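Reviewing the structure listed below.
Read the figures in this text as sums done on the coordinates, not as results from a lab. Just so it is clear, the model here is predicted, and its values are computed rather than measured. Note: ideal-geometry Cβ built from the backbone for every residue, glycine included; neighbour counts use all protein chains shown.
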Amino acid sequence: MIFENILVNQHENLAIITINRPSKLNALNKNTIAELHKAFKILDADKLVKVIVVTGSGEKAFVAGADISEFANFNIVEGTELARKGQELLFDLVQNLNTPVIAAVNGFALGGGLELAMAAHFRVASSNAKMGLPEVSLGLIPGYGGTQRLPQLVGKGKAMEMIMTAEMISATEAKECGLVNYVVEQADLLPLCEKLARKITRNSSAAIAAAIKAVNANYTNCVNGFGVEIEQFGISFGTDDFKEGTTAFLEKRKPDFD
Ligand code: COA
């Protein structure tokens, strides 16, 4: 896959998407969002790909936000469209992918960058990473899901503080408040993601996709998460992975999922 602003590498069951605009600290412009949309769609449809890691190029930034130079002259209608399109094309897409997505936060994750990391299914950070939603310092609010996903991850009070102060928190603080699962040295970031990916890959992709749907349902307005869990639990009984998983257990061997 050849893109202008992202790199896509695939090794066995793991795909790594690297946002590659280091001179702009990997800021998300329109083209980068379109490319990410395309790459996530293609990788999600590829049965060989069991885990996707998204990270930023260079040692300084994951993503330093939406590209401010692109929207500085926008009016109300254009601003509304920017948020709506971005949420549809990228942030909601990532959250609802069947394939697990890990954000490897390798530096600044600000505004749209933190929003992208939060749309991923979970996050791992390097010790130099800094995270925040600085939009109110620009006279804006987060528009790519930040006002919704940050409180879900860190609680309402902490989210309000981060949004209102527009300040960054360190990787260690992010771990303390549940925003990231692990903090490691930068050199260990991708190896840890690969290790986590290997653990995930051992399990049923069909069951993982169903679990993503059920967990996400808890965070979707007007959807009964318990109902979705019952439905997805039931559907699992019709899969080949269910037959293989239970048969392997009873035969005292490791399951061999597709
Ligand atoms: N949009 C567009 N360009 C951005 C950007 C963004 N969100 N974040 C960084 N850049 C660009 C800078 O304009 C600069 O480009 P230039 O060299 O052509 O002038 C380049 O990336 C390097 O950034 P710089 O600010 O010089 O690096 P720094 O180390 O001094 O500061 C940050 C790093 C992250 C603190 C700073 O870049 C910043 O505050 N970025 C904006 C963060 C933000 O508000 N994001 C939310 C957007 S909604």
Discussion item. Out of the helices (runs of 4 or more DSSP H) lying entirely within segment 161-258, which hold 3 or more residues that are under 19 Å from the mean Cα position of the chain (by Cα)?
Written reply: 171-176, 186-201, 205-217
Practice prompt. Check Asn31 against each of (1) buried (at least 16 other Cβ atoms within 10 Å of the Cβ); (2) within 21 Å of Gly143 (Cα to Cα) and name the one condition it does not meet.
Written response: (1)
Item to complete: Would you mind finding the one in Ile33, Ile42 that is within 16 Å of the ligand (Cβ to nearest atom), in a helix (DSSP H, G or I) and either over 17 Å from Leu90 (Cα atoms) or β-branched (Val, Ile, Thr) (or both)?
Response: Ile33
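Residues are listed down the side, and each one gets a yes or a no for (1) over 15 Å from Ile6 (Cβ atoms); (2) outside any helix (DSSP H, G or I); (3) within 16 Å of the ligand (Cβ to nearest atom):
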| site | (1), (2), (3) |
| --- | --- |
| Lys38 | no, no, no |
| Lys47 | yes, yes, no |
| Thr55 | no, yes, no |
| Gly79 | yes, no, yes |
| Ala83 | yes, no, yes |
| Gly86 | yes, no, yes |
| Phe91 | yes, no, yes |
| Val136 | yes, no, yes |
Worksheet item: Considering Ala15, Ala64, which residue is within 11 Å of the ligand (Cβ to nearest atom), of a type in the set (Gly, Ala, Ser) and under 20 Å from Leu189 (Cα atoms)?
Response: Ala64
Discussion item. Only one of Met160, Met168, Met164 is of a type outside the set (S, T, N, Q), touching a strand residue (DSSP E or B) at 6+ places or on another chain (Cβ under 7 Å) and either in contact (Cβ under 8 Å) with a residue 40 or more places away in the chain or at negative phi (or both). Can you tell me which?
Written reply: Met168
Worksheet item: Quick check: is even one residue across segment 14-26 assigned to a loop (DSSP other than H, G, I, E, B) and touching a Lys or Arg at 6+ places or on another chain (Cβ under 7 Å)?
Response: yes
Discussion item. Looking only at segment 93-128, count every residue that is of a type in the set (Lys, Arg) and assigned to a helix (DSSP H, G or I) and tell me the total.
Written reply: 0
Discussion item. Given the options Ala129, Ala174, name the one that is away from the ligand (no atom under 15 Å from the Cβ) and touching a residue at least 12 places away in the same chain (Cβ under 8 Å).
Written reply: Ala174
